Amino acid sequence: MKIGLEIHVQLPTRSKMFCSCPSTGAEGPNEHICPGCMGMPGTRPSLNKAAVEIGIKLARLLNCTVPDVIWFNRKIYFYPDLCRHYQITQYETPIGRNGVYHLGKKPIGITEAHLEEDPGSMTKSGDGALIDYNRSGMPLVEIVTDPDISSPAEAREFLTSLLKDIRHVIDLPDDGERSIRCDCNISVGKERCEVKNVSGLKNVERALTYEAVRQTKVLQSGGKIVRETRHYDEERKVTTAARKKEFAGDYAYVLEPNLGVINVKGIAGDIVTKESPQGMVSRFQKEFGIEEKMAKQIINTSMKLAELFEHIARKADTENAVKWVAGPISSNWKILESQMPGRTDGLTDIIIQYKNKMINDVECSMRLKAFITGGTLSDMEKNGADLDALIRKAVSDNPSVIDDYRKNEKAANRVIGAVMKQTGGAYSSSDIVEATKRILDEML
Ligand SMILES: [Zn+2]
(Lines give C-alpha, C1' and ligand atoms only; values in the text may rest on other atoms or scores of the structure.)
Protein backbone atom coordinates (compact mmCIF):
# COMPACT_ATOMS: atom_id res chain seq x y z
CA MET A 1 0.00 0.00 0.00
CA LYS A 2 1.31 3.42 -0.90
CA ILE A 3 0.08 6.64 0.62
CA GLY A 4 1.15 10.18 -0.16
CA LEU A 5 -0.27 13.29 1.47
CA GLU A 6 -0.72 16.89 0.44
CA ILE A 7 -0.95 18.85 3.65
CA HIS A 8 -2.24 22.42 3.78
CA VAL A 9 -0.97 24.38 6.75
CA GLN A 10 -2.45 27.82 7.35
CA LEU A 11 0.32 30.19 8.37
CA PRO A 12 0.03 32.34 11.51
CA THR A 13 0.58 35.74 9.90
CA ARG A 14 -1.34 38.78 11.16
CA SER A 15 -2.60 39.75 7.72
CA LYS A 16 -3.48 37.89 4.55
CA MET A 17 -0.92 36.88 1.95
CA PHE A 18 -1.37 39.58 -0.69
CA CYS A 19 -3.36 42.35 1.02
CA SER A 20 -3.59 43.92 4.46
CA CYS A 21 -6.88 42.31 5.58
CA PRO A 22 -6.54 40.79 9.07
CA SER A 23 -6.24 37.02 9.16
CA THR A 24 -8.20 36.38 12.35
CA GLY A 25 -11.06 37.71 14.41
CA ALA A 26 -13.88 38.00 11.87
CA GLU A 27 -17.23 37.74 13.62
CA GLY A 28 -19.31 37.07 10.55
CA PRO A 29 -18.89 36.04 6.92
CA ASN A 30 -17.27 38.42 4.40
CA GLU A 31 -16.04 40.85 7.04
CA HIS A 32 -12.33 40.68 6.32
CA ILE A 33 -12.34 41.37 2.62
CA CYS A 34 -11.08 44.13 0.35
CA PRO A 35 -10.97 44.72 -3.40
CA GLY A 36 -7.56 42.95 -3.44
CA CYS A 37 -8.57 39.62 -1.93
CA MET A 38 -11.87 39.86 -3.83
CA GLY A 39 -9.89 40.09 -7.08
CA MET A 40 -11.47 43.30 -8.31
CA PRO A 41 -10.11 44.59 -11.64
CA GLY A 42 -7.31 47.08 -11.17
CA THR A 43 -6.03 45.70 -7.86
CA ARG A 44 -2.55 44.29 -7.48
CA PRO A 45 -1.25 41.81 -4.92
CA SER A 46 1.60 42.82 -2.63
CA LEU A 47 3.48 40.05 -0.90
CA ASN A 48 3.41 39.59 2.88
CA LYS A 49 7.06 38.96 3.72
CA ALA A 50 6.12 37.15 6.95
CA ALA A 51 4.52 34.36 4.89
CA VAL A 52 7.78 33.82 2.98
CA GLU A 53 9.74 33.76 6.24
CA ILE A 54 7.47 31.11 7.72
CA GLY A 55 7.65 29.17 4.45
CA ILE A 56 11.45 29.12 4.76
CA LYS A 57 11.21 27.86 8.36
CA LEU A 58 8.90 25.02 7.29
CA ALA A 59 11.12 24.14 4.34
CA ARG A 60 14.09 23.90 6.70
CA LEU A 61 12.11 21.80 9.17
CA LEU A 62 11.46 19.38 6.29
CA ASN A 63 15.14 19.35 5.31
CA CYS A 64 14.26 20.79 1.90
CA THR A 65 16.50 22.65 -0.48
CA VAL A 66 15.45 26.31 -0.46
CA PRO A 67 16.03 28.14 -3.76
CA ASP A 68 17.80 31.50 -3.94
CA VAL A 69 14.89 33.11 -5.75
CA ILE A 70 11.22 32.30 -6.11
CA TRP A 71 8.29 33.61 -8.08
CA PHE A 72 4.59 32.97 -8.11
CA ASN A 73 2.20 31.56 -10.71
CA ARG A 74 -1.47 31.87 -11.41
CA LYS A 75 -3.31 28.57 -11.38
CA ILE A 76 -6.30 29.24 -13.56
CA TYR A 77 -9.58 27.47 -12.95
CA PHE A 78 -13.18 28.35 -12.38
CA TYR A 79 -14.85 27.82 -9.05
CA PRO A 80 -17.16 30.21 -7.19
CA ASP A 81 -14.99 30.37 -4.06
CA LEU A 82 -12.18 31.82 -6.18
CA CYS A 83 -13.44 35.14 -7.46
CA ARG A 84 -10.34 36.10 -9.44
CA HIS A 85 -10.67 32.77 -11.28
CA TYR A 86 -7.05 32.07 -10.60
CA GLN A 87 -5.23 31.17 -7.45
CA ILE A 88 -1.81 32.61 -6.73
CA THR A 89 0.49 29.69 -6.00
CA GLN A 90 3.97 28.39 -6.78
CA TYR A 91 4.41 26.03 -9.70
CA GLU A 92 8.01 26.30 -10.87
CA THR A 93 9.88 27.44 -7.77
CA PRO A 94 8.47 25.92 -4.57
CA ILE A 95 9.96 27.38 -1.40
CA GLY A 96 11.30 23.90 -0.54
CA ARG A 97 12.11 20.80 -2.57
CA ASN A 98 13.57 17.29 -2.12
CA GLY A 99 13.27 17.14 1.65
CA VAL A 100 12.88 14.33 4.14
CA TYR A 101 11.07 13.98 7.44
CA HIS A 102 12.29 11.35 9.87
CA LEU A 103 9.43 9.56 11.55
CA GLY A 104 11.51 7.70 14.12
CA LYS A 105 13.83 5.63 11.95
CA LYS A 106 11.62 5.83 8.88
CA PRO A 107 12.36 8.55 6.34
CA ILE A 108 9.33 10.07 4.60
CA GLY A 109 10.36 11.88 1.43
CA ILE A 110 9.08 15.42 0.93
CA THR A 111 8.54 16.14 -2.75
CA GLU A 112 8.05 19.86 -2.17
CA ALA A 113 6.54 22.58 -0.03
CA HIS A 114 5.06 25.59 -1.78
CA LEU A 115 3.40 28.83 -0.79
CA GLU A 116 -0.11 29.61 -1.95
CA GLU A 117 -3.24 31.47 -0.99
CA ASP A 118 -6.40 29.82 0.26
CA PRO A 119 -9.65 30.30 -1.66
CA GLY A 120 -12.87 31.31 0.10
CA SER A 121 -15.12 28.74 1.70
CA MET A 122 -18.41 27.55 0.26
CA THR A 123 -21.31 25.87 2.00
CA LYS A 124 -24.33 24.40 0.26
CA SER A 125 -27.62 26.00 1.12
CA GLY A 126 -30.85 24.72 -0.39
CA ASP A 127 -30.44 24.72 -4.17
CA GLY A 128 -27.60 27.22 -4.05
CA ALA A 129 -24.50 27.93 -2.05
CA LEU A 130 -23.20 30.53 0.39
CA ILE A 131 -19.69 31.83 -0.04
CA ASP A 132 -17.53 33.39 2.65
CA TYR A 133 -14.42 35.16 1.34
CA ASN A 134 -12.85 35.76 4.75
CA ARG A 135 -10.55 32.84 4.01
CA SER A 136 -9.76 34.06 0.51
CA GLY A 137 -6.11 35.07 0.36
CA MET A 138 -5.06 33.46 3.64
CA PRO A 139 -1.46 32.24 3.44
CA LEU A 140 -0.82 28.52 3.20
CA VAL A 141 2.07 26.18 2.78
CA GLU A 142 1.20 22.99 0.96
CA ILE A 143 3.51 20.13 1.87
CA VAL A 144 3.58 17.28 -0.65
CA THR A 145 5.04 13.97 0.50
CA ASP A 146 6.40 11.13 -1.61
CA PRO A 147 4.21 7.99 -1.52
CA ASP A 148 6.33 6.62 1.32
CA ILE A 149 3.63 6.09 3.93
CA SER A 150 2.59 2.46 4.20
CA SER A 151 -0.62 2.42 6.25
CA PRO A 152 -3.47 4.68 7.42
CA ALA A 153 -2.19 4.39 10.99
CA GLU A 154 1.26 5.48 9.89
CA ALA A 155 -0.28 8.44 8.07
CA ARG A 156 -1.88 9.55 11.31
CA GLU A 157 1.32 9.00 13.27
CA PHE A 158 3.27 11.02 10.70
CA LEU A 159 0.76 13.88 10.78
CA THR A 160 0.69 13.94 14.59
CA SER A 161 4.45 14.14 14.79
CA LEU A 162 4.75 16.63 11.92
CA LEU A 163 2.06 18.89 13.31
CA LYS A 164 3.75 18.95 16.70
CA ASP A 165 7.01 20.00 15.06
CA ILE A 166 5.28 22.60 12.90
CA ARG A 167 3.48 24.15 15.87
CA HIS A 168 6.74 24.47 17.72
CA VAL A 169 8.85 25.82 14.86
CA ILE A 170 6.42 28.45 13.55
CA ASP A 171 4.46 29.19 16.74
CA LEU A 172 1.24 27.88 15.25
CA PRO A 173 -1.57 28.25 17.77
CA ASP A 174 -3.36 25.07 18.70
CA ASP A 175 -6.83 25.90 17.45
CA GLY A 176 -9.33 24.21 15.19
CA GLU A 177 -9.71 27.05 12.71
CA ARG A 178 -6.08 26.87 11.70
CA SER A 179 -5.75 23.12 11.83
CA ILE A 180 -4.50 21.27 8.79
CA ARG A 181 -6.37 19.92 5.78
CA CYS A 182 -5.13 17.03 3.70
CA ASP A 183 -5.53 15.57 0.26
CA CYS A 184 -4.80 11.87 0.63
CA ASN A 185 -3.46 9.80 -2.26
CA ILE A 186 -3.67 6.06 -1.82
CA SER A 187 -3.10 3.02 -3.99
CA VAL A 188 -3.46 -0.60 -3.03
CA GLY A 189 -2.62 -1.84 -6.53
CA LYS A 190 -1.28 0.10 -9.51
CA GLU A 191 -3.76 2.95 -9.77
CA ARG A 192 -4.34 5.56 -7.11
CA CYS A 193 -7.25 7.65 -5.93
CA GLU A 194 -7.16 10.98 -4.20
CA VAL A 195 -9.45 11.80 -1.29
CA LYS A 196 -9.71 15.59 -1.28
CA ASN A 197 -9.85 18.02 1.55
CA VAL A 198 -10.02 15.83 4.64
CA SER A 199 -9.69 17.79 7.87
CA GLY A 200 -8.53 16.41 11.18
CA LEU A 201 -6.09 13.60 11.86
CA LYS A 202 -8.75 11.09 12.87
CA ASN A 203 -10.64 11.68 9.62
CA VAL A 204 -7.48 11.21 7.56
CA GLU A 205 -6.95 7.80 9.10
CA ARG A 206 -10.62 6.85 8.67
CA ALA A 207 -10.82 8.03 5.07
CA LEU A 208 -7.64 6.14 4.15
CA THR A 209 -8.81 2.98 5.91
CA TYR A 210 -12.14 3.10 4.09
CA GLU A 211 -10.38 3.66 0.79
CA ALA A 212 -7.88 0.83 1.38
CA VAL A 213 -10.71 -1.62 2.06
CA ARG A 214 -12.74 -0.37 -0.92
CA GLN A 215 -9.82 -0.66 -3.36
CA THR A 216 -8.89 -4.11 -2.05
CA LYS A 217 -12.47 -5.34 -2.54
CA VAL A 218 -12.62 -3.97 -6.09
CA LEU A 219 -9.35 -5.70 -7.00
CA GLN A 220 -10.34 -8.99 -5.31
CA SER A 221 -13.54 -9.14 -7.29
CA GLY A 222 -11.56 -8.73 -10.52
CA GLY A 223 -12.43 -5.06 -10.99
CA LYS A 224 -10.19 -2.16 -11.88
CA ILE A 225 -9.41 0.93 -9.84
CA VAL A 226 -10.33 4.06 -11.73
CA ARG A 227 -8.08 7.03 -11.11
CA GLU A 228 -10.41 9.57 -9.60
CA THR A 229 -10.94 12.22 -6.97
CA ARG A 230 -13.12 11.21 -4.06
CA HIS A 231 -14.69 13.01 -1.14
CA TYR A 232 -14.84 11.85 2.44
CA ASP A 233 -18.27 12.01 4.03
CA GLU A 234 -17.58 12.58 7.73
CA GLU A 235 -21.06 11.59 8.84
CA ARG A 236 -21.36 8.36 6.90
CA LYS A 237 -17.62 7.67 7.19
CA VAL A 238 -17.33 6.67 3.53
CA THR A 239 -15.58 8.07 0.47
CA THR A 240 -17.58 8.84 -2.66
CA ALA A 241 -16.47 9.51 -6.22
CA ALA A 242 -16.32 13.17 -7.18
CA ARG A 243 -15.06 14.50 -10.47
CA LYS A 244 -12.46 12.78 -12.62
CA LYS A 245 -8.94 13.21 -11.30
CA GLU A 246 -7.56 16.49 -12.50
CA PHE A 247 -3.99 16.25 -13.63
CA ALA A 248 -1.62 19.15 -13.25
CA GLY A 249 -1.95 19.49 -17.03
CA ASP A 250 -5.65 20.25 -16.71
CA TYR A 251 -4.88 23.54 -15.06
CA ALA A 252 -3.35 26.41 -16.87
CA TYR A 253 -0.40 27.97 -15.08
CA VAL A 254 0.97 31.33 -16.06
CA LEU A 255 3.47 33.62 -14.40
CA GLU A 256 2.03 36.05 -11.85
CA PRO A 257 3.45 39.28 -13.24
CA ASN A 258 2.67 41.62 -10.35
CA LEU A 259 4.89 40.05 -7.68
CA GLY A 260 8.15 39.77 -9.61
CA VAL A 261 11.10 37.64 -8.50
CA ILE A 262 11.65 37.41 -4.77
CA ASN A 263 15.16 37.16 -3.34
CA VAL A 264 14.77 34.34 -0.83
CA LYS A 265 18.50 34.07 -0.17
CA GLY A 266 18.46 37.60 1.24
CA ILE A 267 15.50 36.86 3.51
CA ALA A 268 16.70 33.39 4.57
CA GLY A 269 20.02 34.69 5.88
CA ASP A 270 18.28 36.60 8.68
CA ILE A 271 16.02 33.78 9.85
CA VAL A 272 16.88 31.71 12.86
CA THR A 273 14.97 28.44 12.80
CA LYS A 274 14.01 26.82 16.10
CA GLU A 275 14.87 23.19 16.53
CA SER A 276 11.86 20.88 16.18
CA PRO A 277 10.98 18.27 18.84
CA GLN A 278 11.63 15.45 16.35
CA GLY A 279 14.97 17.01 15.41
CA MET A 280 15.86 17.24 19.08
CA VAL A 281 15.07 13.53 19.63
CA SER A 282 17.53 12.57 16.88
CA ARG A 283 20.18 14.96 18.16
CA PHE A 284 19.89 13.74 21.77
CA GLN A 285 20.38 10.15 20.58
CA LYS A 286 23.47 11.12 18.60
CA GLU A 287 24.99 13.64 20.98
CA PHE A 288 24.28 12.05 24.34
CA GLY A 289 23.94 8.41 23.31
CA ILE A 290 20.57 8.00 25.03
CA GLU A 291 17.78 5.72 23.82
CA GLU A 292 15.09 7.11 21.52
CA LYS A 293 12.45 6.23 24.11
CA MET A 294 14.20 8.22 26.84
CA ALA A 295 14.79 11.18 24.53
CA LYS A 296 11.10 11.19 23.56
CA GLN A 297 9.95 10.89 27.15
CA ILE A 298 11.93 13.98 28.14
CA ILE A 299 11.12 16.04 25.05
CA ASN A 300 7.43 15.13 25.01
CA THR A 301 7.11 16.21 28.64
CA SER A 302 8.30 19.68 27.70
CA MET A 303 10.87 21.37 25.49
CA LYS A 304 11.98 23.31 28.57
CA LEU A 305 12.68 20.05 30.40
CA ALA A 306 14.71 18.97 27.38
CA GLU A 307 16.73 22.18 27.58
CA LEU A 308 17.36 21.55 31.27
CA PHE A 309 18.46 18.00 30.47
CA GLU A 310 20.90 19.31 27.92
CA HIS A 311 22.31 21.87 30.35
CA ILE A 312 22.87 19.27 33.08
CA ALA A 313 24.33 16.76 30.64
CA ARG A 314 26.88 19.35 29.53
CA LYS A 315 27.74 20.72 33.00
CA ALA A 316 27.69 17.37 34.85
CA ASP A 317 27.34 14.30 32.63
CA THR A 318 24.72 12.36 30.68
CA GLU A 319 24.33 9.61 33.26
CA ASN A 320 23.41 12.09 35.97
CA ALA A 321 21.23 14.12 33.63
CA VAL A 322 19.18 10.99 32.88
CA LYS A 323 19.08 9.87 36.52
CA TRP A 324 17.88 13.17 37.96
CA VAL A 325 15.92 14.67 35.09
CA ALA A 326 13.95 11.50 34.36
CA GLY A 327 13.50 10.99 38.12
CA PRO A 328 12.77 13.68 40.74
CA ILE A 329 12.86 16.63 38.35
CA SER A 330 10.27 15.14 35.95
CA SER A 331 7.99 14.12 38.79
CA ASN A 332 7.97 17.70 40.12
CA TRP A 333 7.85 19.27 36.68
CA LYS A 334 4.44 20.88 37.12
CA ILE A 335 5.81 23.07 39.92
CA LEU A 336 9.05 23.81 38.12
CA GLU A 337 7.97 24.50 34.56
CA SER A 338 6.76 28.06 35.08
CA GLN A 339 10.03 28.94 36.85
CA MET A 340 12.30 27.80 34.04
CA PRO A 341 14.89 28.54 32.80
CA GLY A 342 15.55 30.76 35.87
CA ARG A 343 16.31 27.83 38.17
CA THR A 344 18.44 25.78 35.81
CA ASP A 345 21.75 26.67 37.46
CA GLY A 346 20.52 25.94 41.02
CA LEU A 347 19.37 22.46 40.05
CA THR A 348 22.55 21.81 38.10
CA ASP A 349 24.71 22.84 41.08
CA ILE A 350 23.03 20.27 43.34
CA ILE A 351 23.62 17.53 40.77
CA ILE A 352 27.26 18.55 40.35
CA GLN A 353 27.69 18.23 44.15
CA TYR A 354 26.35 14.69 43.84
CA LYS A 355 28.61 13.93 40.91
CA ASN A 356 31.59 15.13 42.94
CA LYS A 357 30.50 12.85 45.81
CA MET A 358 29.92 15.78 48.17
CA ILE A 359 26.42 14.46 48.89
CA ASN A 360 24.88 11.00 48.55
CA ASP A 361 21.85 10.22 46.45
CA VAL A 362 19.29 10.51 49.26
CA GLU A 363 20.63 13.96 50.08
CA CYS A 364 20.70 14.91 46.44
CA SER A 365 17.12 13.84 46.01
CA MET A 366 16.06 15.77 49.14
CA ARG A 367 17.92 18.88 48.11
CA LEU A 368 16.38 18.80 44.66
CA LYS A 369 12.92 18.42 46.14
CA ALA A 370 13.53 21.21 48.65
CA PHE A 371 14.88 23.46 45.91
CA ILE A 372 11.91 22.75 43.64
CA THR A 373 9.22 23.23 46.28
CA GLY A 374 11.00 26.28 47.69
CA GLY A 375 11.31 24.73 51.15
CA THR A 376 14.62 24.51 53.00
CA LEU A 377 16.53 21.36 53.72
CA SER A 378 15.77 21.47 57.42
CA ASP A 379 12.03 21.70 56.69
CA MET A 380 12.38 18.55 54.68
CA GLU A 381 14.40 16.83 57.34
CA LYS A 382 11.88 17.62 60.03
CA ASN A 383 9.20 16.04 57.95
CA GLY A 384 8.55 12.53 59.28
CA ALA A 385 7.61 11.17 55.88
CA ASP A 386 11.09 11.90 54.65
CA LEU A 387 12.72 10.15 57.60
CA ASP A 388 10.74 7.06 56.59
CA ALA A 389 11.97 7.45 53.02
CA LEU A 390 15.58 7.64 54.24
CA ILE A 391 15.17 4.51 56.31
CA ARG A 392 13.54 2.59 53.47
CA LYS A 393 16.39 3.64 51.21
CA ALA A 394 18.98 2.48 53.76
CA VAL A 395 17.20 -0.88 53.99
CA SER A 396 17.02 -1.32 50.25
CA ASP A 397 20.73 -0.48 49.98
CA ASN A 398 21.35 -3.24 52.46
CA PRO A 399 18.65 -5.90 51.86
CA SER A 400 20.22 -8.66 53.97
CA VAL A 401 19.35 -6.60 57.04
CA ILE A 402 15.73 -7.86 56.97
CA ASP A 403 16.70 -11.49 57.41
CA ASP A 404 19.30 -10.62 60.02
CA TYR A 405 16.73 -8.54 61.91
CA ARG A 406 14.35 -11.51 61.94
CA LYS A 407 17.01 -13.50 63.77
CA ASN A 408 18.34 -10.68 65.95
CA GLU A 409 16.83 -7.25 66.57
CA LYS A 410 20.29 -5.74 66.87
CA ALA A 411 20.69 -5.91 63.11
CA ALA A 412 18.52 -2.75 63.03
CA ASN A 413 21.56 -0.85 64.31
CA ARG A 414 23.16 -1.07 60.87
CA VAL A 415 20.25 0.90 59.43
CA ILE A 416 20.02 3.27 62.38
CA GLY A 417 23.74 4.03 62.15
CA ALA A 418 23.58 4.71 58.43
CA VAL A 419 20.58 7.03 58.76
CA MET A 420 22.09 8.94 61.70
CA LYS A 421 25.26 9.48 59.73
CA GLN A 422 23.31 10.82 56.75
CA THR A 423 21.07 13.16 58.65
CA GLY A 424 23.81 14.48 60.92
CA GLY A 425 21.71 15.23 64.00
CA ALA A 426 18.62 16.55 62.27
CA TYR A 427 16.53 13.90 64.02
CA SER A 428 16.72 12.68 67.61
CA SER A 429 18.20 9.20 67.90
CA SER A 430 15.07 7.91 69.64
CA ASP A 431 12.96 9.03 66.63
CA ILE A 432 15.28 7.19 64.27
CA VAL A 433 15.33 4.03 66.40
CA GLU A 434 11.56 3.99 66.74
CA ALA A 435 10.91 4.62 63.05
CA THR A 436 13.50 2.05 61.93
CA LYS A 437 11.97 -0.67 64.10
CA ARG A 438 8.49 0.18 62.91
CA ILE A 439 9.54 -0.02 59.27
CA LEU A 440 11.53 -3.25 59.67
CA ASP A 441 8.62 -4.84 61.53
CA GLU A 442 6.36 -3.94 58.60
CA MET A 443 8.77 -5.56 56.18
CA LEU A 444 9.03 -8.90 57.99
ZN1 LIG B 1 -8.04 41.80 1.50
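The values are calculated or read from the model by the stated rules, or taken from the named source; none is laboratory data. Worth saying up front: this structure is predicted, and the values here are computed from it rather than measured. Backbone-built Cβ (ideal geometry, glycine too); neighbour counts: all protein chains shown.
Answer with yes or no whether Gly346 is over 19 Å from the mean Cα position of the chain (by Cα), surrounded by fewer than 16 Cβ atoms within 10 Å (Cβ to Cβ) and either charged (D, E, K, R) or more than 16 Å from Lys369 (Cα to Cα) (or both). Step through it out loud before you land on a result.
On the way: over 19 Å from the mean Cα position of the chain (by Cα): yes; surrounded by fewer than 16 Cβ atoms within 10 Å (Cβ to Cβ): yes; either charged (D, E, K, R) or more than 16 Å from Lys369 (Cα to Cα) (or both): no.
When the stated conditions are applied, Gly346 does not pass them.
Kindly evaluate Ser151 against the criterion of being surrounded by fewer than 16 Cβ atoms within 10 Å (Cβ to Cβ) and within 16 Å of the ligand (Cβ to nearest atom). Steps first, please.
Numbers: surrounded by fewer than 16 Cβ atoms within 10 Å (Cβ to Cβ): yes; within 16 Å of the ligand (Cβ to nearest atom): no.
Spelling it out, it is not the case that Ser151 is surrounded by fewer than 16 Cβ atoms within 10 Å (Cβ to Cβ) and within 16 Å of the ligand (Cβ to nearest atom).
For residues that are within 27 Å of Lys196 (Cα to Cα), in contact with a Pro (Cβ under 7 Å, 6 or more places away or on another chain) and assigned to a loop (DSSP other than H, G, I, E, B), scanning just segment 17-54, find the one that is farthest from the ligand (Cβ to nearest atom).
So the residue we want is Met17.
Restricting the first residue to segment 2-16 and requiring it to be without any contact (Cβ under 8 Å) to a residue 12 or more places away in the chain and within 13 Å of Ile54 (Cα to Cα), which pairs with a second residue that is within 16 Å of the ligand (Cβ to nearest atom) and part of a strand (DSSP E or B) meet a Cβ separation below 7 Å and a spacing of at least six or different chains?
Between residues of segment 2-16 that are without any contact (Cβ under 8 Å) to a residue 12 or more places away in the chain and within 13 Å of Ile54 (Cα to Cα) and residues that are within 16 Å of the ligand (Cβ to nearest atom) and part of a strand (DSSP E or B), there is no close pair.
Anything in segment 108-129 that is of a type outside the set (Gly, Ala, Ser) and either at pLDDT 95 or above or within 16 Å of the ligand (Cβ to nearest atom) (or both)? List them, or say none. So that I can check it myself, show each step before the final result.
Taking segment 108-129 as the starting set, the residues that turn out to be of a type outside the set (Gly, Ala, Ser) are 108, 110-112, 114-119, 122-124, 127.
Answer for segment 108-129, where residues must be of a type outside the set (Gly, Ala, Ser) and either at pLDDT 95 or above or within 16 Å of the ligand (Cβ to nearest atom) (or both): Ile108, Ile110, Thr111, Glu112, His114, Leu115, Glu116, Glu117, Asp118, Pro119.
Please verify whether Ala242 is assigned to a helix (DSSP H, G or I) and hydrophobic (A, V, I, L, M, F, W, C), treating the condition exactly as stated. I'd like the intermediate steps shown before the answer.
Working: assigned to a helix (DSSP H, G or I): no; hydrophobic (A, V, I, L, M, F, W, C): yes.
Spelling it out, it is not the case that Ala242 is assigned to a helix (DSSP H, G or I) and hydrophobic (A, V, I, L, M, F, W, C).
Suppose we filter segment 308-318 for residues that are farther than 14 Å from Glu287 by Cβ and assigned to a helix (DSSP H, G or I); how many remain? It would help to see each step written out before you state the result.
At the first step, the residues of segment 308-318 found to be farther than 14 Å from Glu287 by Cβ are 308, 315-316.
From the residues that got through so far, the ones that are assigned to a helix (DSSP H, G or I) too are 308, 315.
Total meeting the criteria: 2.
List the number of the failed condition for Thr423; all other conditions in (1) over 13 Å from Asp361 (Cα atoms); (2) surrounded by 12 or more Cβ atoms within 10 Å (Cβ to Cβ) hold.
Every condition holds for Thr423 apart from (1).
Out of all the residues in segment 95-106, is one or more closer than 22 Å to Thr239 by Cα, among the small types (Gly, Ala, Ser), more than 16 Å from the ligand (Cβ to nearest atom) and buried (at least 20 other Cβ atoms within 10 Å of the Cβ)? Even if it seems obvious, please write down each step before you answer.
Restricting attention to segment 95-106, the residues satisfying the condition of being closer than 22 Å to Thr239 by Cα are none.
No; the residues of segment 95-106 include none that is closer than 22 Å to Thr239 by Cα, among the small types (Gly, Ala, Ser), more than 16 Å from the ligand (Cβ to nearest atom) and buried (at least 20 other Cβ atoms within 10 Å of the Cβ).
If Ile290 meets every condition in (1) outside any helix (DSSP H, G or I); (2) modelled with pLDDT of 90 or more; (3) under 25 Å from Gln422 (Cα atoms) apart from one, which number is that one?
The failed condition is (3).
Does Asp81 meet the test of being of a type in the set (Asp, Glu), more than 16 Å from the ligand (Cβ to nearest atom) and either at pLDDT below 95 or touching a strand residue (DSSP E or B) at 6+ places or on another chain (Cβ under 8 Å) (or both)? Write out each step before concluding.
Numbers: of a type in the set (Asp, Glu): yes; more than 16 Å from the ligand (Cβ to nearest atom): no; either at pLDDT below 95 or touching a strand residue (DSSP E or B) at 6+ places or on another chain (Cβ under 8 Å) (or both): yes.
Taking the combined requirement at face value, the residue does not satisfy it.
Against the definition (touching a residue at least 12 places away in the same chain (Cβ under 8 Å) and surrounded by 16 or more Cβ atoms within 10 Å (Cβ to Cβ)), how does Asp183 come out, yes or no?
Details: touching a residue at least 12 places away in the same chain (Cβ under 8 Å): yes; surrounded by 16 or more Cβ atoms within 10 Å (Cβ to Cβ): yes.
So Asp183 passes the test.
Taking segment 256-287 as the region of interest, how many residues are touching a helix residue (DSSP H, G or I) at 6+ places or on another chain (Cβ under 6 Å) and not aliphatic (A, V, I, L, M)?
Adding up the residues that qualify gives 7.
Out of everything in segment 1-16 that is more than 22 Å from the chain's Cα centre (by Cα) and under 19 Å from Thr89 (Cβ atoms), what residue ends up being farthest from the ligand (Cβ to nearest atom)?
Ser15
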